[in-house]
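Readers should treat all values here as calculations from the given coordinates under stated rules, not as data from a laboratory. Everything quoted here is computed from the prediction, not taken from an experiment. Methodologically, a virtual Cβ is constructed for each residue, glycine included, from the backbone with ideal geometry; neighbour enumeration extends over all protein chains shown.
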Amino acid sequence: MTKWSLSFRLWHWLHAFVVLGLLGTVFLRKTFLSWRDNSEILAAKLSSMQIEISSEQGATLAKALRAPLWEWHVILGYALSFLILYRLALFFTPSGKQNYTDIRAASLHKKMVKIGYIGIYTVLLVMAGSGLLLNFQEELSLVKETTKSIKELHEAVFTLVWIFVALHIAGVVMAEVRDEKGIVSDMINGGKH
Ligand code: HEM
Ligand code: HEM
């Protein structure tokens, strides 16, 4: 019997792509497309062309450069919200529940891995909920303080996402090299029980 059904593998790789994409948009927003750094670069370059702009104008230009990237954060955010629903449906299939039946019988290490998966599902649920609320703050007439708290939560929980992703990728590679040969290729070709 196949270990991972085609629909589960499809979910895993689409989900991995979307989460890495979301982390990528945040990375670019905070580095190469940071409005603070870019507004200074723009102001300095324009000044060397004898065009003087205020810091507010610099910020407006830098934020305009960042806008198309951030549209991708929201598009990938919608995709993540859909993939969370897809994962919930998969819990009703053998592939989707195999990691969560008989947790007591698992070794301590496996128990921690499984708890980690439940943890990341909870974290991503919070990310999707808070992200959607931020995205529709005007339509929902959210007051400023509420939006600020939601944004703080969204940003704080973000740290947990990249920590999980780094540990997860390192973990499956180590398992593959050590004592669980084929763990990664099983998630590609389906594997066998
Ligand atoms: C790109 C490199 C990645 C590789 C090679 C990889 C590989 C794997 C493998 C082999 C498993 C099965 C582990 C097991 O048998 O318990 C797995 C499960 C899982 N992966 Fe990844 N993964 C990657 C990226 C990601 C990313 C970016 C996420 C996003 C959060 C993610 C989320 C998950 C989750 C939640 C499970 C548990 C599935 C379940 O509920 O049973 N993976 N991954
Ligand atoms: C893995 C999931 C996600 C991660 C890691 C993530 C990360 C972040 C981070 C770090 C910020 C703050 C950026 C900053 O101000 O420097 C942010 C803002 C935001 N995120 Fe997400 N996010 C995720 C999912 C989502 C989802 C599902 C949505 C829903 C559409 C979303 C919509 C937003 C919005 C609207 C903002 C506010 C942007 C602004 O103030 O201009 N995010 N996200």
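Here are a few things to note about the model shown:
- Only one entry of H15, H73 meets the criterion of being over 19 Å from L134 (Cβ atoms) and either in a helix (DSSP H, G or I) or within 24 Å of the chain's Cα centre (by Cα) (or both), and that entry is H15.
- Exactly one residue out of L23, L28 is without any contact (Cβ under 8 Å) to a residue 60 or more places away in the chain and closer than 30 Å to Y117 by Cα, and it is L28.
- In region 18-34, the residues that are outside any helix (DSSP H, G or I) and among the aliphatic types (A, V, I, L, M): L33
- Matching residues, region 161-193, being assigned to a helix (DSSP H, G or I) and in contact (Cβ under 8 Å) with a residue 40 or more places away in the chain: V161, W162, F164, V165, L167, H168, G171, D186, M187, I188
- Hey, A43 of a type outside the set (S, T, Y) and touching a helix residue (DSSP H, G or I) at 6+ places or on another chain (Cβ under 9 Å) or not: yes
- Those residues of region 122-163 which are out of contact with any helix residue (DSSP H, G or I) (no Cβ under 8 Å at 6 or more places or on another chain) and within 13 Å of ligand 1 (Cβ to nearest atom), in sequence order: T122, I163
- Test: E138 is over 14 Å from the mean Cα position of the chain (by Cα) and either β-branched (V, I, T) or in a helix (DSSP H, G or I) (or both): no
- Test set (1) more than 16 Å from ligand 2 (Cβ to nearest atom); (2) surrounded by 15 or more Cβ atoms within 10 Å (Cβ to Cβ) - V19 fails condition number: (1)
- Considering the conditions (1) on the phi > 0 side of the Ramachandran plot; (2) out of contact with any strand residue (DSSP E or B) (no Cβ under 9 Å at 6 or more places or on another chain); (3) of a type outside the set (K, R), L85 is excluded by exactly one of them, (1).
- Scan of region 164-180 for residues that are more than 17 Å from L22 (Cα to Cα) and near ligand 1 (Cβ under 6 Å from one of its atoms), ordered by number: V172
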